[in-house]
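The values are calculated or read from the model by the stated rules, or taken from the named source; none is laboratory data. Note that the structure is a prediction, hence the values are computed from the model and not measured. Note that each Cβ is placed from the backbone with ideal geometry, even for glycine, and that neighbours are counted across all protein chains shown.
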Amino acid sequence: MDLLILIPLGLAAGAITTFAGVGGGMMMTIVLAALVGPQAALAMVAPALLLGNLHRVVTHRGDVSRRVALVGVVGAAPGGLVGGLLAISLSDTALNVLLFVVIALALMREVGVFAWRPSARALFPITFVAGIVTGTSGGGGLVLGPALLAAGLRGATFVATSSAISLGVHTCRIFAYGMGGLVSVSTMTSSLVLALTIVIGNSLGKRARGKAGEELQTKVTYGVLLTGVALTILGLK
């Protein structure tokens, strides 16, 4: 991939996620899917997200809820493997449909069409489903987030524990992608560029968030998700 594409994409993904709260990772996957196909996009994004989550876990290791993280990893990691194996077997059209469904559901949740509040006791099966969704579309946070909130996690504990669970998911889905021949020196190099620029984008988004009001942040969130829906629709044509 051309650095002129990867660098601004990674910067935007980090800044969007930090500023708007959602959408950066999904947007990055959708844009790359339009450029190189959904399978290659998933293979590029997964290692970058793995490194990003590793950084957050190391930085906030004291905030990780070990009990929730253990249950989450046991459920989500096998789900990531299953999702990764599905991703290498599904057609590009099917993967684009999954991307569209995930981003559309994220948009509907943000605008209040539905508010999913799962039981904390259902953490294991929910995280398994989150792993599958992550492996096939990269949008597992749509499922994992409400589950961790239901388990009582907030603030730094929420972020650190989510990152710890994501480590297991991304590791297993990268293994699955590798089995399918999707992981190569080229994809890993692109992932490293994305990982480095995402970290820089996180800092940019944090600075912008401190200066912006909640109304602007909400508008950016809606704009990102609407753009994602439009891009996935174009990808289906």
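Assorted remarks:
Yes or no, residue by residue, for (1) under 22 Å from Val199 (Cα atoms); (2) of a type in the set (A, V, I, L, M):
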{"position": "Ala43", "(1), (2)": "yes, yes"}
{"position": "Leu49", "(1), (2)": "yes, yes"}
{"position": "Leu54", "(1), (2)": "yes, yes"}
{"position": "Asp63", "(1), (2)": "yes, no"}
{"position": "Gly72", "(1), (2)": "no, no"}
{"position": "Val82", "(1), (2)": "no, yes"}
{"position": "Asp92", "(1), (2)": "no, no"}
{"position": "Met108", "(1), (2)": "no, yes"}
{"position": "Gly139", "(1), (2)": "yes, no"}
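- Of all residue pairs spaced 6 or more apart or on separate chains, those with beta-carbon atoms under 8 Å, a first member in the stretch 159-174 that is of a type in the set (A, V, I, L, M) and a second member that is not in a helix (DSSP H, G or I) are Val159/His60; Ala160/His60; Ala160/Val64; Ala160/Ser65; Ala164/Val64; Val169/Gly140; Ile174/Val183.
- Qualifying position, being at pLDDT 90 or above and hydrophobic (A, V, I, L, M, F, W, C), among Leu86, Leu105, Leu35: Leu86
- Matching residues, the stretch 171-187, being farther than 12 Å from Leu49 by Cα and part of a helix (DSSP H, G or I): Cys172, Phe175, Ala176, Tyr177, Gly178, Met179, Val185, Ser186, Thr187
- Matching residues in the stretch 58-113 - criterion: being within 25 Å of Leu226 (Cβ to Cβ), part of a loop (DSSP other than H, G, I, E, B) and without any contact (Cβ under 8 Å) to a residue 12 or more places away in the chain: Gly112, Val113
- Residues that are closer than 17 Å to Asn96 by Cβ and touching a Cys at 6+ places or on another chain (Cβ under 9 Å), drawn from the stretch 123-138: Gly135
- On inspection, Gly168 qualifies as in a helix (DSSP H, G or I) and not β-branched (Val, Ile, Thr).
- Residue in the stretch 122-143 that is part of a helix (DSSP H, G or I), closer than 15 Å to Val45 by Cβ and free of Cβ contacts under 8 Å to residues at least 40 places away in the same chain present: no
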